[in-house]
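The values are calculated or read from the model by the stated rules, or taken from the named source; none is laboratory data. Only a predicted model underlies this, so the values are computations on that prediction, with no experimental measurement involved. For neighbour counting, all protein chains shown are included, and Cβ atoms are generated from backbone atoms with ideal geometry for every residue, glycine included.
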Amino acid sequence: MAEYHLSTPLSEEQIRDLHVGDTIYLSGQVFTCRSRLHRWVFDEGHASPAAAMERDALIHVGPIVLREDGKYQLVSFMPTSSIRFEKWGAKSVREWGLRMIIGKTTMGEETMKAMRELGCVHCSPQSVSPNLWCDSIEIDDVELFDELGTIEATWHMNLNELGPFVVDIDTHGRNLYDEHRDEVDANREAALRKLGIPEDFEYTRLY
């Protein structure tokens with residue numbers, strides 16, 4: 001496992017050098033995206049926002065942003081679960097030319113396949129509260145604010161050494177969450193055997 005300090009735009013070579021478990025700090029221009037933007041573009045047929053076509057790093061986040069004295073102030077930054085967007089994951093990688101997706105949890109097999117083919121990784125925040133990272137983020141602009149609302153709009157962000165993130169899906173077919181799941185399941189089975197608890201044990205239901 002290695003540590004990388006990367007800046008957008010990201011090259012395919014840089015991305016293919018990354019492996020599951022590597023630590024990433026990211027600088028440069030990125031954009032935000034949640035479910036409403038995916039539906040707006042891929043299901044409803046609207047044009048992609050300019051940021052999606054110009055920037056190659058996407059963050060699954062709905063930031064809370066205030067506008068004061070003509071400037072944007074980031075109040076809250078908490079990436080959301082990426083698996084929610086699996087329906088559109090492969091399309092977003094292909095049509096937006098993505099090199100990196102940042103969000104919590106993992107993504108599914110179709111997105112992983114597109115990442116392997118085209119050179120894209122998924123990274124998760126290594127932080128109890130990414131809100132502590134707000135000082136590393138500047139808001140430049142926003143698209144589709146009126147159409148999608150403040151949380152679902154496409155925010156243009158400039159990052160300054162934002163991180164750490166961990167690479168959890170790489171271009172070599174590995175998925176950190178799948179690998180941990182196997183380890184956790186094996187440890188659970190060993191613990192049940194040691195304690196003499198039957199495999200069909202169920203938790204007490206309180207409702």
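Name the one entry in I59, I24, I83 that is free of Cβ contacts under 8 Å to residues at least 60 places away in the same chain, surrounded by 15 or more Cβ atoms within 10 Å (Cβ to Cβ) and closer than 26 Å to S129 by Cα. Reasoning before the result, please.
Details: I59 fails: free of Cβ contacts under 8 Å to residues at least 60 places away in the same chain; I24 fails: free of Cβ contacts under 8 Å to residues at least 60 places away in the same chain.
Step by step, each of I59, I24, I83 is checked, and only I83 is free of Cβ contacts under 8 Å to residues at least 60 places away in the same chain, surrounded by 15 or more Cβ atoms within 10 Å (Cβ to Cβ) and closer than 26 Å to S129 by Cα.
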- Message: So L18 passes all but one of these: (1) in contact with a helix residue (DSSP H, G or I) (Cβ under 9 Å, 6 or more places away or on another chain); (2) modelled with pLDDT of 95 or more; (3) assigned to a loop (DSSP other than H, G, I, E, B). Which condition number does it fail?
- Response: (1)
- Those residues that are assigned to a loop (DSSP other than H, G, I, E, B), over 19 Å from E152 (Cα atoms) and modelled with pLDDT under 95, I need them from the stretch 56-98; list them, please. D69, G70
- Query: For the subset of the stretch 133-177 comprising residues that are surrounded by 18 or more Cβ atoms within 10 Å (Cβ to Cβ) and polar (S, T, N, Q), which member is nearest to M100 (Cα to Cα)?
  - Reply: T171
- Message: Considering only residues that are out of contact with any His (no Cβ under 8 Å at 6 or more places or on another chain) and farther than 13 Å from R36 by Cβ, which ones fall in the stretch 138-154?
- Response: E138
- Query: Of all residues in the stretch 5-21 being surrounded by fewer than 16 Cβ atoms within 10 Å (Cβ to Cβ) and touching a Phe, Trp or Tyr at 6+ places or on another chain (Cβ under 9 Å), which is nearest to S136 (Cα to Cα)?
  - Reply: H5
- Message: Give me the residue from the stretch 115-132 that is among the hydrophobic types (A, V, I, L, M, F, W, C) and surrounded by fewer than 19 Cβ atoms within 10 Å (Cβ to Cβ) and, out of that set, modelled with the lowest pLDDT.
- Response: V128
- Looking only at the stretch 94-110, which residues are touching a Gly at 6+ places or on another chain (Cβ under 7 Å) and in contact (Cβ under 8 Å) with a residue 40 or more places away in the chain? R99, M107
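Mind listing whichever residues of the stretch 27-56 are at positive phi and either loosely packed, with under 15 Cβ neighbours inside 10 Å or among the hydroxyl-bearing types (S, T, Y) (or both)?
G45
Taking the stretch 135-177 as the region of interest, how many residues are among the acidic types (D, E) and over 24 Å from L10 (Cβ atoms)?
Taking the stretch 135-177 as the starting set, the residues that turn out to be among the acidic types (D, E) are 135, 138, 140-141, 143, 146-147, 152, 161, 168, 170.
Now restrict to residues that are over 24 Å from L10 (Cβ atoms): 146-147, 152.
Selection size over the stretch 135-177: 3.
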